[in-house]
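Working notes for the structure below.
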Amino acid sequence: MLKTLIFFLFGCSLYFGQISATSISTLDGDGTKVKSSSGQGSGTDPFGIMINQSAKNDLNIYLMPAEVQFTKYTIYDLSGNLKKTQQISPTNSYSIDVSNLAPGNYLIKVEAVSPSAIVTKLFVRI
């Protein structure tokens with residue numbers, strides 16, 4: 001009876017572990033999720049995005065290559081609540097004041113104009 005229970009629990013943990021690994025593999029290695037302008041996820045980055053929190057209240061966004069520019073960003077908490085959004089002049093780097101955000105995990109959505117794409121990335125507010 002004990003062997004059966006242990007085997008059942010071990011088997012369930014392997015099964016659920018495989019589900020988790022599968023769902024994680026749909027994201028890029030750096031935690032970035034990409035959606036094209038057609039609304040379909042492409043699975044690959046049309047450009048690179050780097051997020052750096054250099055000072056406690058500033059979040060810096062950089063897009064690579066330098067020719068890629070974005071015009072809007074939106075920040076959500078992990079519950080999906082909108083925390084901040086702003087339309088900006090086309091640029092490939094921008095500094096965001098995050099002093100009004102509590103420490104924790106957030107998602108930032110960046111809308112690029114060329115190539116037309118939306119990239120969502122996880123960041124941690126220190």
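What follows is calculated from the coordinates using simple rules that are stated; it is not laboratory data. Because the structure is predicted, anything quoted here is derived from the model rather than measured. Please note: Cβ atoms are built from the backbone with ideal geometry, for glycine as well, and neighbour counts cover all protein chains shown.
Want the number for ALA102 to MET50: 0.36 nm per residue separation, take away the alpha-carbon distance, what's left?
16.6 nm
If I stretch the segment between ASP58 and ASP77 completely, what's the gain in nm (0.36 nm per residue apart, minus their alpha carbon distance), one decimal? Write out the running numbers ahead of the final one.
Values: separation 19, 0.36 × 19 = 6.84 nm, distance 1.69 nm.
My answer for the length gained is 5.2 nm.
Please list 3J(HN,Hα) in residue order for the stretch 91-99, calculated via the Karplus relation 6.51 cos²θ - 1.76 cosθ + 1.60 where θ = phi - 60°; whole Hz, with x for glycine and proline.
7, 10, 8, 7, 10, 10, 7, 10, 5
Taking a spot 7 Å from the Cα of ALA66 along the direction of its beta carbon, which residues of the stretch 79-97 have an amide N less than 20 Å from it?
Those under the cut-off are 89-95.
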